[in-house]
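Comments concern the structure below.
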Amino acid sequence: MVHVKYNDELLRTLKDKVIVLTGGATGIGRATVKQFHAAGAKVVFGDVADTPACELASQLGPSVDYIHCDTTSYQSQLSLFKTAESLYGRVDIVVANAGVANHKDIFAPDADIEIEPSMIEIDVNLKGALFTARIGLGFLRRNRESGGDKEDRGGDIILVSSIAGFKECGGLAVYTASKHGVVGLMRGLYLTAREEGVRVNVVCPWMTKTRLVAGIERGWYALGLPVNLPEDVARSIILCATANRSHKPTPDSPQSPQNPQTTHPGAKLPFEGKIVWVAGGESYEIEDAIQALEPQWLGEENSRVLAKGQAYLANGQTSWDAEKGK
Ligand SMILES: NC(=O)c1ccc[n+]([C@@H]2O[C@H](COP(=O)([O-])OP(=O)(O)OC[C@H]3O[C@@H](n4cnc5c(N)ncnc54)[C@H](O)[C@@H]3O)[C@@H](O)[C@H]2O)c1
């Protein structure tokens, strides 16, 4: 893993950028709305919790808009993005943050298998994030024709998964499946999205002090385990949103060891297809290490052959659509 340090110099790159974020009423989303706003961005956020959301929007003023948006509804998400575009003419950064955890274990011995269980975590955490990413990509690709810096001719999608996106999480099997799905969405999307100038990354918070963790908090503190504040995770989301929007050498002042492209220390550019694990308030990029270790976990020969298959699938000509091959 690489410890990526947050460089708040990059906040200035967010001035007047247009952010669409889901689940902004409370917790991590609320802290993220505040930080984007403080950096001078325009924020249009959705949620289903109208009272705290309206209170936040009126507290922050005219450059922050709240739209009631249930992320499980495609139409509701379309309206959220359309509102942002009608207000500001474009969308630059998309954050798929809305999420829920059902703390009643549907696999518990006393759960009645005669009754169909709730799939709310799949609906909000996975289906909702898929909708956000699909619609978000559709809006970000409209920036291709716009002038300005290369980074502005596309945009950033930041998905919010969880430690449960890549580790076991006892008692939360459906949540874990949904959050593994969000990591899968990043891996499934970033290679094609980058062809259109859109960078896709995923943030995986460990324990973060919001209402989601009320049940485990006391025991957690007793063990002295690391804790994030919502503001820490918000910084990691902003780290992903700004890593590629860094100081750039110009023709007059070309890139050199003395004049490098500056970003968040530790962030490897282009910053796309990354998994940022947030633990104890710090950000750790872990996907590059997972990929680099592949020959160890798959075996060298398997890894070599796999690379050939992956290259075939990603060559730009190959299509899964059998109709296209005819
Ligand atoms: N708190 C943690 O320890 C932790 C750890 C890992 C990942 N996460 C993830 O972080 C994200 C934010 O969670 P949080 O901890 O801030 O909890 P939270 O409950 O404070 O925030 C979640 C927000 O999503 C909103 N929401 C729920 N269903 C929605 C829907 N259908 N449409 C729109 N909005 C909806 C809620 O109203 C709330 O404002 C979630 O995706 C969560 O899974 C949290």
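Within segment 70-89, identify whether any single residue is under 22 Å from T210 (Cβ atoms) and without any contact (Cβ under 8 Å) to a residue 12 or more places away in the chain, and answer yes or no. Scanning segment 70-89, I find no residue that is under 22 Å from T210 (Cβ atoms) and without any contact (Cβ under 8 Å) to a residue 12 or more places away in the chain, so the answer is no. In a residue-by-residue description of segment 214-233, the property of being outside any loop (DSSP other than H, G, I, E, B), closer than 18 Å to A129 by Cβ and near the ligand (Cβ under 8 Å from one of its atoms) applies to at least one position. Screening V227, V233, V213, V276 for residues that are farther than 17 Å from L137 by Cα, touching a helix residue (DSSP H, G or I) at 6+ places or on another chain (Cβ under 9 Å) and free of Cβ contacts under 8 Å to residues at least 12 places away in the same chain leaves exactly one candidate, V213. Is at least one residue of segment 295-305 in a loop (DSSP other than H, G, I, E, B) and under 27 Å from the mean Cα position of the chain (by Cα)? No - not one qualifying residue is present in segment 295-305.
Give me the residue from segment 11-36 that is assigned to a helix (DSSP H, G or I) and over 18 Å from the mean Cα position of the chain (by Cα) and, out of that set, nearest to the ligand (Cβ to nearest atom). Going through the qualifying residues, I end up with T13.
Within segment 13-41, residues that are closer than 20 Å to D149 by Cα and in the same structural domain as R235 (by TED's automatic domain parsing) reach partners that are away from the ligand (no atom under 14 Å from the Cβ) and among the aromatic types (F, W, Y) with beta carbons closer than 7 Å, at six or more positions or on different chains, in the pairs L14/F36; V18/Y88; I19/F36. Within this structure, V94 passes the test of being in the same structural domain as G154 (by TED's automatic domain parsing), under 16 Å from V20 (Cα atoms) and away from the ligand (no atom under 13 Å from the Cβ). Picking from residues in segment 177-205 that are within 11 Å of the ligand (Cβ to nearest atom) and farther than 20 Å from A243 by Cα, the one that is surrounded by the fewest Cβ atoms within 10 Å (Cβ to Cβ) is V182.
The values are calculated or read from the model by the stated rules, or taken from the named source; none is laboratory data. Just so it is clear, the model here is predicted, and its values are computed rather than measured. Using ideal geometry, Cβ is built from the backbone for each residue, glycine included, and neighbour counts are taken over all protein chains shown.
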